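Structure first, then comments.
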Amino acid sequence: MTDAPPAFALLPGAPHSPVLLHVPHSSRAVPADVRSGIVLSDAELERELDHMTDSHTAELAGRAAELAGLTPWRFVNRASRLVVDPERFPDEREEMTAVGMGAVYTRTSHREVLRPDGTDPEPLIERYFRPYARAMTEAVADRLAATGRAVIVDVHSYPTRPLPYELHGEGPRPPVCLGTDAFHTPPELLAAAREAFAPCGGTGLDSPFGGTYVPLDFYGTRAEVGALMVEIRRDTYMTEPGGPAGPGLSRLAESLAALVDAVSG
């Protein structure tokens, strides 16, 4: 037996909605058998979760889904990114491996040891990463079959000040950073996002984080799959590093719902 939470959840939306809100980093859950492979003390682990969890983003996506005219689908990670990070490549393609943050992290946000050197990532990849990737692929395929297209909107947050692990932390840190892909982010999707999030203090592009998440079965080949990453600076809606949400969350939910509405038709 294990105390592992359900690793992910697909929360159904309207049958004819093409939109999939993807929330990969909102959970703090670390199963006990995974916790045993992490060298941090309990207090150190809690602080690391404060830094690395995109706190309240699942609530943000849930509120936006309730406000949207056509309810989007939601795919929510139920395990912490310290278990596995479903958005990282599990091989040499992942640039974050350079700082010990491939699919299975071996270093913390401050580049300290998280897991011992020589830790084999494969058991966690097999148990968590691959089932997640398969389920996300199936969720996108389902939207394509139902509506002829899919729009993946990644919902993230990031700290006001750069953390030591960031490879591109020297760039602008706008209230809302929009991550794009040259193939999967069409101009109309980006324009809709800029307009939707304008009331939240303004948007920037691909800094401090860029790119989008698209399952590899569709990446670079299926233009019907649109994708955008929404990275929200944490001081706009919560007390950092891991504190409660504030009134900014409601404004952001309204903006995210406006984006959903703009791309659902």
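Table for the structure above
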| quantity | calculated |
| --- | --- |
| Within the accessible area of region 32-180 (1.4 Å probe), percent carbon and sulfur | 52 |
| Descending principal axes extents, region 195-261, alpha-carbon based, whole Å | 40, 27, 19 |
| Net charge dipole size for region 82-144 [Lys, Arg +1 and Asp, Glu -1 on Cβ; Debye, nearest 20] | 160 |
| For Arg78, residues with placed amide H under 5 Å, excluding near neighbours | Phe8, Ala9 |
| Compactness of region 70-191, expressed as Rg and Dmax over alpha-carbon positions, Å | 16.5, 48 |
| Within the chain: Cβ-based charge dipole about Cα centre, in debye rounded to nearest 20 (Lys, Arg +1; Asp, Glu -1) | 420 |
| Degrees separating the helix 130-147 axis from the principal Cα axis of the chain, which is the longest one | 0 |
| Probe 1.4 Å, accessible area per residue of region 152-265, Å² | 40 |
| Rotationally averaged projected area of region 1-60 (alpha carbon convex hull; nm²) | 5.6 |
| Which of Ala150, Leu114, Met52, positive extreme of dipole for region 1-151 (C-beta unit charges) | Ala150 |
| Placed amide H near Met101: partners under 5 Å, 5+ positions off or other chain | Thr106 |
| Accessible surface of region 188-265, 1.4 Å probe, proportion on carbon and sulfur as whole % | 53 |
| Per residue convex hull volume, Cα atoms of region 50-114, in Å³ | 100 |
| Mean accessible surface per residue for region 1-102, computed with a 1.4 Å probe while every protein chain stays in place, in Å² | 42 |
| Kirkwood-Stokes translational diffusion coefficient of region 1-111, alpha-carbon pairs, 25 °C, 0.890 mPa s, µm²/s | 161 |
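The values are calculated or read from the model by the stated rules, or taken from the named source; none is laboratory data. Every value quoted in this text rests on a predicted model; they were computed, and no experiment measured them. Methodologically, a virtual Cβ is constructed for each residue, glycine included, from the backbone with ideal geometry; neighbour enumeration extends over all protein chains shown. Remember, those area values only see protein heavy atoms, side chains included, never the ligands or the DNA or RNA. Shrake-Rupley method; radii C 1.70, N 1.55, O 1.52, S 1.80 Å.
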